[in-house]
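We did not get these values from a lab; they are worked out from the coordinates using the rules stated. Note that this is a predicted model, so its numbers are computed, not measured. So basically every Cβ, Gly included, is an ideal-geometry build from the backbone, and we count neighbours across all protein chains shown.
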Amino acid sequence: MNDISADHPKLDPDNALRSNLTKHLFRRISAHNSILIGGGVLGAIVLMALFAPLLAPHDPFSQDLSRRLLPPFWMEDNNPKHILGTDNLGRDYLSRLIYGAQISLMIGVCTAIISGIIGSALGITAGYFGGRIDAVITFIITTRLSMPIVLVALAVVALVGGSLHAVILVLGFLLWDRYAVVMRSATQQARNMDYVSAARAIGCPTWRVVLSEIFPNVVNNLIVIATFEVAHAILLEASLSFLGLGVQPPDPSWGLMIAEGKEFLLFDPWVITIPGIALSILVLAVNMLGDGIRDVSAPENRN
Amino acid sequence: MNKWIKFISFLMASLFTVSAAHAGKENDTLVWVTKFEPPTYNYYDQTLREGVILSRHIWDSLYWRDLETGEFKPHLATKMEYSNPTTIDITLRKDIVFHNGEKFDADDVVFTINEIINPENKYKNRKLISWAKKAEKTGQYSVRLHLGKIFAPAMEMLSTAVVMYPDEYYKKVGKNAFARAPIGTGPYKAAEIVPGKHLVLERNESYFGGAKGKANISKVLMRFVDEPNTQIAELMSGNADLIWRLNKEQGKKLNRVSGVSAVAGETMRVGYLQFDSSGSTGDHPLKNIKVRQAISHAIDRESIAVNLQGGGQVLDLFCYPTQVGCESPDAPKYKYDPAKAKQLLAEAGYPNGFEIDFYAYRNRNFAEAMMGFMAEVGIKANMEWMKYSALRDKVRKDEVPFNFMTWGSGSVNDVFRITSYFFNHSSDDLALDPDVKKYLDAGDGTIVLEDRKKNYSEALRLIAERAHALPLFSYAYYYGMSDDLDFKTTPDEIVHLYRAKWK
């Protein structure tokens, strides 16, 4: 990109501006610690989840009751074959942790996508059309905000039965409120811009105005919220699984691993500490990345 | 390591302890910390285990089953005998008084039995006596009990669960006030009840002893703490002398801490897998006997019993070995044999296994281990985790094809309370096997011990042969206690505190 702009500085000012922006963006990103750290850690976890079958030293489901609760490497009596020890049923803890990342990420991302679609659709519609439509959608948002998420999720999951799909769907249909609120106000700002009026004036149909004029200008808000909602969903899944209503055994979910470690809290705290730390790191990384994206994409909003 | 655990436990104990009345030998007060507080101290109006345990301390039964030999010994009564298969004549001791000074006589026995039997009074645990029809006073110290129909474990019930209330006091104060200030004849009297916190029992100094014997320790403080790790912390910091229902790991680790120790006590509680062999929940692979046998061979019960639980024994019959009638030498035994399980599955037409919902309510780790064993032969069991009462109701509504549950037989040492309970075509019966019922009915319908044993043996053989259910293992609880305490566990799942003494 640099070369292009250097070779044809005067021939293509439009391209030059864009490449300058890209350069600027890269510079911002590389100077931004929380994006680098958050993104790096998250990237590592994503890779770990993707290559779980290659990375995991053992089958996460294969149990051996005679080798249960072997301690991790920093404690006495550890077994070098099981670096992080084994769980209550003699399954390799490291392998379960690696496979658990798949579930946490899948829940985080799928939930963010479902809730993102619902929330943005509602928010943009409300913001763009305003008036009665806005009033109705605002009412829906308020209704949703008045419901306690964990309680509603618990009730629904208890009714339909806990499973990975149920958790994703329930959380997806519950966590759209922030998208809707933010997209609504962002769209309200964007719709009064001159280029929107211009597009309307030359007779663009509404869908076109929304999709090609409004949406690209509010999408950075969407990305920022999405990262926060990923973290939120991961934590909620852990809470649901901890209460026994989330992901069902034998699937290795970090929340479930924490729940299973509860009874060993006093004597074998590592059982609960290891998945607890993993969960904290993942959520921290996602949040740092989200913060960073917000700063980089719209530094003027920084406070 | 130990120092840290002690330090943490001290911190936890100081955080959570409400009234740290110091436990121990010095002030002759045994502090027992347990999870549940009985919903009421009126024993017949509740079913909770802690309430059942208290009934053996505050009250007495007519006879008493010796905890070591199992023999029925005279206690409140000097003599109990059948005058015919449905009538029992009872002669009472004459020297017994209740905690409040009221004399114990035939009126108390007749009142207690008739009061609880009467369905209008709606006692929650009415079934403890509802097998009898009515009690009749035949003298100041003699009672005749009419059963209405044959009930073989009558002696067992009258020697354990059926305790006597004082008629005058009960009539005077009524059901609810009685629960707040319960009066009995037992080795301990309820001295102080603080709902939500604790109960103080004081030794009954004028106790007659009888088959139970007098209490050794003068005071018992029973405290209610919900969280097991906190209970352990209480024990380690000296604020409790006795805790129970620990798991194997906690017991093992507790034994490494000085000043306290843990022992496993086997109980009568039986874990089992129940198959809907009759197909009353709909069409599923478990209707096929070979599939049920395959599952029975697929699960390594020994490994779960030894490694996960510790202290229990693997069971081959659907009952606990000491229970009267729990023997059947010809019944088949299912050894752990995954290859045979696979072969049986293939013969049944499921060479690649199948998927089925698997319901459970306690010991998630046991359930998960069993799911792991089934997965090895190709059966994908999806766990459906529920609360006990919800699961029981679902079973009764024929909505559960396959469950892992447990049964404590109400501490009744008789097959009647378990095998007959589950296979007599009641709503808890998923097998609905007429042959099994025939033998069970014959066993329940006589008081001749040999006939009972013969019939139960046949029934148990059929249950195993047709794999209607798979008995897993008996349960064991780990008890944690201070080194000062001398306490022996018993398989009836009852903490007999009056037997405890200081070393």
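How large is ³J(HN,Hα), in whole Hz, for each residue of segment B:240-247 in order, when computed from phi with the Karplus curve 6.51 cos²θ - 1.76 cosθ + 1.60 and θ = phi - 60°, using x for Gly and Pro?
9, 9, 8, 9, 8, 6, 7, 8
Amide H neighbours of B:LYS214 under 5 Å, at least 5 residues apart or on other chains, H built in the peptide plane: list them.
Sorted by chain and number, the residues that satisfy this come to none at all.
Just how large is the dipole of chain B about the Cα centre, in debye to the nearest 20, putting +1 at every Lys and Arg Cβ and -1 at every Asp and Glu Cβ? Display every interim value, and only then the final one.
Values: 66 positive and 64 negative charges, 130 e Å.
So the dipole magnitude of chain B works out to roughly 620 debye.
Taking neighbour Cβ counts within 10 Å as the exposure measure, how do B:GLU376, B:GLU136, B:GLU120 sort from fewest upward? All intermediate terms of the calculation are to be shown ahead of the outcome.
Working: B:GLU376 18, B:GLU136 15, B:GLU120 4.
By the 10 Å Cβ count, ascending: B:GLU120, B:GLU136, B:GLU376.
Rounded to the nearest 20 debye, what is the charge dipole size of chain A about its Cα centre when +1 sits on each Lys and Arg Cβ and -1 on each Asp and Glu Cβ?
Details: 20 positive and 23 negative charges, 165 e Å.
Dipole about the Cα centre, nearest 20: 800 debye.
Excluding same-chain residues fewer than 8 positions from B:LYS124, which lysines have a Cα within less than 25 Å of its Cα?
B:LYS35, B:LYS133, B:LYS134, B:LYS149, B:LYS171, B:LYS172, B:LYS175, B:LYS189, B:LYS197, B:LYS387, B:LYS394, B:LYS397
Testing the spin-label approximation: label points 7 Å from Cα along Cα→Cβ at B:LYS172 and B:LYS252. State their distance in nm.
5.6
With springs only between Cα atoms under 10 Å, which of A:LEU145, A:LEU25, A:LEU84 fluctuates most in a Gaussian network model of chain A?
Sorting by GNM fluctuation, first place goes to A:LEU25.
For B:TRP244, list long-range residues whose amide hydrogen, built 1.01 Å from N in the peptide plane, is under 5 Å from its own amide hydrogen.
Excluding prolines and chain starts, which carry no amide H, the hits are B:GLY480.
Name the residue from B:SER303, A:LEU145, B:LEU273 whose Cα lies farthest towards the positive end of the charge dipole of the protein assembly as shown, charges +1 on Cβ of Lys and Arg and -1 on Cβ of Asp and Glu.
Of the listed residues, the answer is A:LEU145.
³J(HN,Hα) across segment A:30-46 via Karplus (A = 6.51, B = -1.76, C = 1.60, θ = phi - 60°), whole Hz, x for Gly/Pro?
Couplings: 5, 8, 9, 5, 5, 5, 5, 5, x, x, x, 5, 4, x, 4, 5, 4 Hz.
When chain A is modelled as a GNM with alpha-carbon springs shorter than 10 Å, which of A:ASP92, A:ASP194, A:ASP59 fluctuates the most?
Judging by the Gaussian network model, the answer is A:ASP194.
Straight-line reach from B:LYS453: which lysines have a Cα under 17 Å away, not including same-chain ones fewer than 8 places off?
Straight-line reach from B:LYS453, under 17 Å: B:LYS437, B:LYS438.
Before anything else, pin down the relative contact order of chain B: Cα pairs under 8 Å, at least 6 apart, normalised by residue count, whole percent. Let's see the in-between values first.
On the way: 1067 pairs, mean separation 100.9, N = 503.
About 20 percent, as a whole number.
Using a 10 Å cut-off around each Cβ, can you sort B:GLU71, B:GLU168 from fewest to most neighbouring Cβ atoms? The partial results should precede the final answer.
Numbers: B:GLU71 12, B:GLU168 15.
Least crowded to most crowded, the residues run B:GLU71, B:GLU168.
Step through the residues of segment B:191-196 one at a time and calculate ³J(HN,Hα) from phi using the Karplus curve (6.51 cos²θ - 1.76 cosθ + 1.60, θ = phi - 60°), rounding each to whole Hz and writing x for Gly and Pro.
9, 8, 10, 10, x, x
Charges on Cβ only, +1 for Lys and Arg, -1 for Asp and Glu, centred on the Cα centroid of segment A:87-301; of A:GLY119, A:ASN220, A:GLY130, which one is farthest towards the dipole's positive end?
Final value for the positive-end residue is A:GLY130.
What distance in nm separates the two pseudo spin-label positions at A:LEU55 and B:GLU71, each 7 Å out from Cα along the beta-carbon direction?
6.8
Relative to a virtual label point 7 Å from the Cα of B:VAL448 in the Cα→beta-carbon direction, which members of segment B:298-341 show backbone nitrogen distances below 18 Å?
B:325
Suppose every Lys and Arg Cβ carries +1 and every Asp and Glu Cβ carries -1, with no other charges. What dipole size does the protein assembly as shown come out with about its Cα centre, to the nearest 20 debye?
Numbers: 86 positive and 87 negative charges, 177 e Å.
Dipole size: approximately 860 debye.
If you average the C-alpha positions of segment A:32-92 and of segment A:232-303 separately, how far apart do those two centres end up, in angstrom?
Going from one Cα centre to the other spans 15 Å.
Would you work out which of A:ILE234, A:THR22, A:GLN102 lies farthest towards the positive end of the dipole of chain A, given +1 charges on the beta-carbon of Lys and Arg and -1 on that of Asp and Glu, about the Cα centre?
After comparing all options, I get A:THR22.
Suppose a student asked you for the relative contact order of segment B:54-172, using Cα pairs under 8 Å spaced at least 6 residues apart; what percent would you report? Walk me through the intermediate numbers first.
Values: 208 pairs, mean separation 38.7, N = 119.
The normalised contact order for segment B:54-172 reaches 33 percent.
Hey, which lysines would be in cross-link range of B:LYS501, C-alpha to C-alpha under 16 Å, not counting anything within fewer than 8 residues on its own chain?
B:LYS25, B:LYS212, B:LYS214, B:LYS219, B:LYS488
Can you pull the one-decimal nm distance between simple spin-label points at A:SER197 and A:PHE173, each 7 Å off the Cα toward Cβ?
For the pair A:SER197/A:PHE173, the computed spacing is 4.3 nm.
Would you pull out the residues with amide H under 5 Å of B:GLY265's amide H, same chain only if 5 or more places away, H placed 1.01 Å from N?
It is B:TYR477, B:TYR478, B:TYR479, by chain and number.
What is the list of residues in segment B:149-163 whose amide nitrogen lies under 16 Å from a point 7 angstrom out from the Cα of B:ASN84, following Cα to Cβ?
Counting only backbone N, you get B:149-151.
What percent antiparallel are the DSSP beta bridges of chain B, to the nearest 5? The partial results should precede the final answer.
On the way: 57 of 74 bridges.
Antiparallel bridges make up about 75 percent of those DSSP assigns within chain B.
Of B:TRP131, B:TRP244, A:TRP207, B:TRP32, how do they rank once you tally other Cβ atoms within 10 Å and put the fewest first?
Working: B:TRP131 18, B:TRP244 21, A:TRP207 8, B:TRP32 25.
Least crowded to most crowded, the residues run A:TRP207, B:TRP131, B:TRP244, B:TRP32.
Tell me what the protein assembly as shown gives for mean residue ellipticity at 222 nm when only DSSP H runs of n ≥ 4 count, each as -39,500 (n - 2.57), the sum divided by the residue total, rounded to 500 deg cm²/dmol. Kindly include the intermediate steps, with their values, before the conclusion.
Details: 27 runs with 356 residues, N = 806.
Computed mean residue ellipticity for the protein assembly as shown: -14000 deg cm²/dmol.
What percent does the relative contact order of segment A:87-301 come to when contacts are Cα pairs within less than 8 Å and at least six residues apart? Present the calculation step by step, with values, prior to reporting the outcome.
On the way: 277 pairs, mean separation 57.8, N = 215.
Averaging sequence separation for qualifying contacts and normalising by length gives 27 percent for segment A:87-301.
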